[in-house]
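Down below is the structure, laid out as structure tokens.
Since every read-out is calculated from the coordinates, none of them should be taken as a lab result. Treat the numbers as computed from the prediction; the structure is a model and nothing was measured. For neighbour counting, all protein chains shown are included, and Cβ atoms are generated from backbone atoms with ideal geometry for every residue, glycine included.
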């Protein structure tokens, strides 16, 4: 093979988030002399990962923006369709597209096959439910056509598969669960690193509660802040680290200010040293309304952290036995009690082997996908597409 095959990833925007982190974990571990990643994005702006993607040899193409936070631009639909047709006419090199955006798969997959040389359309379910409101209802309707337009079906968990794929497809064994792998060596717990990182963050001698997520409704940071307020009442030497950015960050900052928690809540924004920050944490809390299978939950476990999450998150997230699931309806006081119970009883240790033994090492995920892409690409060529 003189030139690598090119796989087109259809995404929203390549900035830090669970899906994007997984894609980049895979991309960094690919043999890029054999398989290259390109990206079709949908926000009309540059992403945080764009420079790294280009340095790795990837290409990025921007489509008309259909969504921004909570807002959907329905008026751009016709422009979007035209842009897709023009794109696939101009790029016959793609035989495989990996659709991480399933809400518009009913639009871009048929166009890719009709106007381009695409024969493999992968639908990849990363969530377990749609957002509330009109946009979510439209998403649910569009998902009904995925069995007709996709050729291959991936999901990050069994629950994520059940959300968008008909039971007959699941029962037939046609859905492949792609585990949200991480690099366990990067997240290895180092006690000395934990001490130095706590010192760097100014949280020495504190109970350090952490959360890494975009500030979005479904990530539920406002609830977490209320829970933390209850923790502080019982344990005054506690601190909350909130890592990430997003449309609700200002709202969360205002809430922290109103509760008088500015001295013990740290907004760390986007960071490229998540493994080090997790070394400084004592407990990871993820009170999401729903998740497919959160990559950050796998990362936290790889770092040896206990994780407290909601029952809206699939039980498949518990890889190490160190994950506790609480119903959000129990309220802030019960969540605070659980955090303190875990803090007082948990003994942190190396979990690297647990991650590997359960198939969450990113090198295993990448190796399987690489062979899959190559097989599908050359099956397309052998059918005389070129």
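Once Rh for region 88-152 is found with the Kirkwood sum over Cα pairs, what is the Stokes-Einstein diffusion coefficient at 37 °C and 0.692 mPa s, in µm²/s? Roughly 269 µm²/s, to the nearest whole number.
Obtain the radius of gyration and the Kirkwood radius of region 1-65 from its C-alpha atoms and give Rg over Rh.
On the way: Rg = 11.4 Å, Rh = 11.9 Å.
That ratio is 0.96, to two decimals.
Based only on other Cβ atoms within 10 Å, what is the fewest-to-most ordering of 271, 253?
On the way: 271 13, 253 16.
Ascending number of Cβ neighbours within 10 Å: 271, 253.
Along each principal axis, taking the top coordinate minus the bottom one, the Cα set of region 280-355 gives 34, 29, 19 Å in descending order.
For the chain, adding -39500 (n - 2.57) for each run of n ≥ 4 DSSP H residues and dividing by the number of residues yields -12000 deg cm²/dmol at 222 nm. Quick check on region 273-320: take the gyration tensor over C-alpha atoms, sort the square-rooted eigenvalues as a ≥ b ≥ c, and tell me if it's rounded (a/c under 1.5), prolate or oblate. Note, shape of region 273-320 comes out prolate. For the chain, the Kirkwood estimate of hydrodynamic radius, built from reciprocal distances between every pair of different alpha carbons, is 21.8 Å. Using only Cα coordinates, the Kirkwood hydrodynamic radius of region 221-320 works out to 14.4 Å.
Under 1.5 on a/c is rounded, so check that first for region 178-282, then, if it is not, pick prolate when a/b is larger than b/c and oblate when it is not; a ≥ b ≥ c are the square roots of the alpha carbon gyration tensor eigenvalues. Oblate, since a/c reaches 1.5 and b/c is not below a/b.
Residue order for 273, 282, fewest other beta carbons within 10 angstrom first, comes to 273, 282. Taking 0.36 nm per residue of separation and subtracting the Cα-Cα distance, full extension of the segment from residue 345 to residue 251 would add 30.5 nm.
Would you mind calculating the relative contact order of region 191-357 from Cα pairs under 8 angstrom and at least 6 residues apart, reporting the percent as a whole number? Let's see the in-between values first.
On the way: 268 pairs, mean separation 40.0, N = 167.
That works out to 24 percent.
List the relative contact order of the chain as a percent without decimals, with contacts defined as Cα pairs under 8 Å and 6+ residues apart.
On the way: 713 pairs, mean separation 64.6, N = 386.
Relative CO of the chain lands at 17 percent.
What is region 191-357 by shape, rounded, prolate or oblate, if you read a ≥ b ≥ c off the alpha carbon gyration tensor as root eigenvalues and call it rounded for a/c under 1.5, prolate for a/b larger than b/c, and oblate otherwise? The shape class here is rounded.
How would 355, 5, 170 line up from fewest to most surrounding beta-carbon atoms within 10 angstrom? Kindly include the intermediate steps, with their values, before the conclusion.
Working: 355 25, 5 20, 170 15.
Taking fewest neighbouring Cβ atoms as first place, the list is 170, 5, 355.
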